[in-house]
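This report refers to the structure that appears directly beneath it.
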Amino acid sequence: MSSKTDNIPKRDLISRINFLLQAGMLINRNCPPSLLPLSSLYVREAKSCAQKSLVKIDRSIKRIVCKNCNCYLIAGYTARTRVKTRRGTYFIVTCNICSHVKKAKRKVI
Ligand SMILES: [Zn+2]
């Protein structure tokens, strides 16, 4: 008799990707800034593993990772967040490490 969790395809790859993303987040939050490249390395490895195995990383995680340097974007620490109200309201998130700019349109409530 097998449970529902035993039937997940690519379970080992998904758990590896999850571990790498969590390790990257922990290093980014709790360690000194000198270890930020290690966090980026973990995130890059998780992205590479997901791309090779055709596993999608959740959109909520993609939103908080810089596309250029693979660093977690934490407001006030590794990212600067601004709100711009020209032709609608936008969030502008700037990475403090590589100065990559990400724009996101605000959801209408
Ligand atoms: Zn960056």
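One line per residue, one yes/no per condition, for (1) part of a loop (DSSP other than H, G, I, E, B); (2) within 15 Å of the ligand (Cβ to nearest atom); (3) over 21 Å from Pro33 (Cα atoms); (4) among the aliphatic types (A, V, I, L, M):
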site	(1), (2), (3), (4)
Ala46	no, no, no, yes
Lys52	no, no, yes, no
Val55	yes, no, yes, yes
Ser60	no, no, yes, no
Asn68	yes, yes, no, no
Arg82	no, no, yes, no
Arg86	yes, no, yes, no
Val93	no, yes, no, yes
Cys98	yes, yes, no, no
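Can you find even one residue in region 99-108 that is without any contact (Cβ under 8 Å) to a residue 40 or more places away in the chain, among the hydrophobic types (A, V, I, L, M, F, W, C) and farther than 21 Å from Arg11 by Cβ? Yes, there is a match, as at least one residue in region 99-108 is without any contact (Cβ under 8 Å) to a residue 40 or more places away in the chain, among the hydrophobic types (A, V, I, L, M, F, W, C) and farther than 21 Å from Arg11 by Cβ. Could you please find all residues in region 39-52 being in contact with a helix residue (DSSP H, G or I) (Cβ under 9 Å, 6 or more places away or on another chain) and either within 17 Å of Val101 (Cβ to Cβ) or surrounded by fewer than 14 Cβ atoms within 10 Å (Cβ to Cβ) (or both)? Answer for region 39-52, where residues must be in contact with a helix residue (DSSP H, G or I) (Cβ under 9 Å, 6 or more places away or on another chain) and either within 17 Å of Val101 (Cβ to Cβ) or surrounded by fewer than 14 Cβ atoms within 10 Å (Cβ to Cβ) (or both): just Lys52. Pairs, please: C-beta under 9 Å, at least 6 apart or cross-chain, first residue of a type in the set (Ser, Thr, Tyr) and in region 51-76, second in a loop (DSSP other than H, G, I, E, B)? The qualifying pairs are Ser53/Lys10; Tyr72/Ile64; Tyr72/Cys66; Tyr72/Thr78.
What residue, of Lys52, Lys105, is on the phi < 0 side of the Ramachandran plot and at pLDDT 90 or above?
Sole residue among the options that is on the phi < 0 side of the Ramachandran plot and at pLDDT 90 or above: Lys52.
Of the residues making up region 20-41, one or more are under 15 Å from the mean Cα position of the chain (by Cα), within 13 Å of the ligand (Cβ to nearest atom), in contact (Cβ under 8 Å) with a residue 60 or more places away in the chain and part of a helix (DSSP H, G or I).
Results for (1) more than 21 Å from Arg11 (Cβ to Cβ); (2) under 10 Å from the mean Cα position of the chain (by Cα), shown as yes or no for each residue.
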| site | (1), (2) |
| --- | --- |
| Gln51 | no, no |
| Ile57 | no, yes |
| Ile61 | no, yes |
| Tyr72 | yes, yes |
| Thr78 | yes, no |
| Lys84 | yes, no |
| Phe91 | yes, no |
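The values are calculated or read from the model by the stated rules, or taken from the named source; none is laboratory data. The shown structure was predicted, so the numbers you read here are calculated from the model rather than taken from an experiment. Because the Cβ atoms are built from the backbone with ideal geometry, glycine has one as well, and the counts that use them run over all protein chains shown.
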